[in-house]
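First up is the structure itself, then whatever we jot down about it.
Bear in mind that the values in this text are calculations on the coordinates, not laboratory data. The shown structure was predicted, so the numbers you read here are calculated from the model rather than taken from an experiment. Here the Cβ is made from the backbone with ideal geometry for all residues, glycine too, and neighbour counts use every protein chain on show.
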Amino acid sequence: MQPSATTLVFAASPYCNAAPLADCLQAVDPRVRLLFDHPAQLARALTNKSVDVALIPVADCFRNPDLAMIEGLGVAADGVVQSVLLKCNVPVAQVRSVMRDPASATSNALAELLLKRHFRRAVVMEPFRKEAAVDAAVVIGDRALCSAPAPGGDIDLAMAWKELTGLPFVFAVWAYRRDHPAAADFSGIAHAAYQAGLLSLPRLTARFAETLHRPQAFIHDYLTRCLRHELGAREREGMELFRRMLAEGVA
């Protein structure tokens, strides 16, 4: 079913990290209908025109020249992020096989890139399979945020990127099709929703503390210190460096 002319369908992941961007969309514009799905599915929904705007992994945006991103907003980290991890079953110096997370092409590509460039490991990236016997696995979102440490340790991928490049890492951006007839409206809606989301942080913190069974202080720290939702010049620089590295075939 195609979106109607009077409805603007925004789509985001159900993860805690997207809430400040997405939670208030319907409150700021009555035309908005909000859907949730895993990041990899959001990119497909955007390209097949079942949604109008989606918070998609940045690697998916790079791959599709028909997509444009809303400037200034996304999901990023400048150092430790806690919710995008390489969970190692053996020490990283012994990692040879890595299972992808099915939800995000960006996090999988970042893990492979960092293993090659930062940890000097040549690895085989395996598809997601429950109970697969691998040396490490990429785990993202609330599942990573709430997980116990892996036997061989956890590598925070945003922190490893910062160690390698000195720059923040952008995981996801709001994207839309360049030829969309309502494209001029999208930035204003998204930015207004984010400003409303900032005002709603106490409510969001309480909600996710309850659903994720974590202290409110932990969720507040994650949303305000670990994550960045406003993308400036340094975030753009980090994003462009990641784009170049992917184009060079390093991941």
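Over all distinct Cα-Cα pairs of region 84-165, the Kirkwood formula returns a hydrodynamic radius of 12.3 Å.
Hey, what did region 84-165 get for relative contact order, percent, Cα under 8 Å, at least 6 apart? Computed over region 84-165, the figure is 52 percent. Candidate cross-link partners of K162 among the lysines, defined by an alpha-carbon separation under 21 Å and a same-chain spacing of 8 or more, comprise K87, K116.
Hydrodynamic radius of the chain by the Kirkwood approach over all distinct alpha-carbon pairs: 18.4 Å.
In whole percent, what relative contact order does the chain give with Cα contacts below 8 Å and a gap of six or more residues? Numbers along the way, then the final one.
Numbers: 483 pairs, mean separation 72.6, N = 251.
Value for the chain: 29 percent.
Compute the label zone of E248 within region 95-129: residues whose backbone N is under 13 Å from the point 7 Å along Cα-to-Cβ. Zone members listed by number: 113-114, 116-118. Students often get this wrong: which residues of region 53-94 have the backbone nitrogen under 20 Å from the point 7 angstrom along Cα-to-C-beta of L34? Residues 53-57, 70-76 qualify, since their backbone N sits under 20 Å from the label point. Set the Förster radius R0 to 22 Å, insert the Cβ-Cβ distance between Q216 and V80 as r into 1/(1 + (r/R0)^6), and round the FRET efficiency to 0.05. So, using R0 = 22 Å, E works out to roughly 0.70.
Magnitude of the charge dipole for region 51-114, about its Cα centre and with charges confined to Cβ atoms of Lys, Arg (+1) and Asp, Glu (-1), is about 420 debye.
Note on L201 and R117: their simple-model spin labels are 3.0 nm apart, each label 7 Å out from Cα toward Cβ.
Membrane-span-like helices of the chain, defined as complete DSSP H segments with a Cα extent of 20 Å or more along the helix axis and a mean Kyte hydropathy of at least -0.5, are identified as 183-199. Structural descriptor for region 1-129: relative contact order 22 percent, calculated from alpha carbon pairs under 8 angstrom and at least 6 residues apart.
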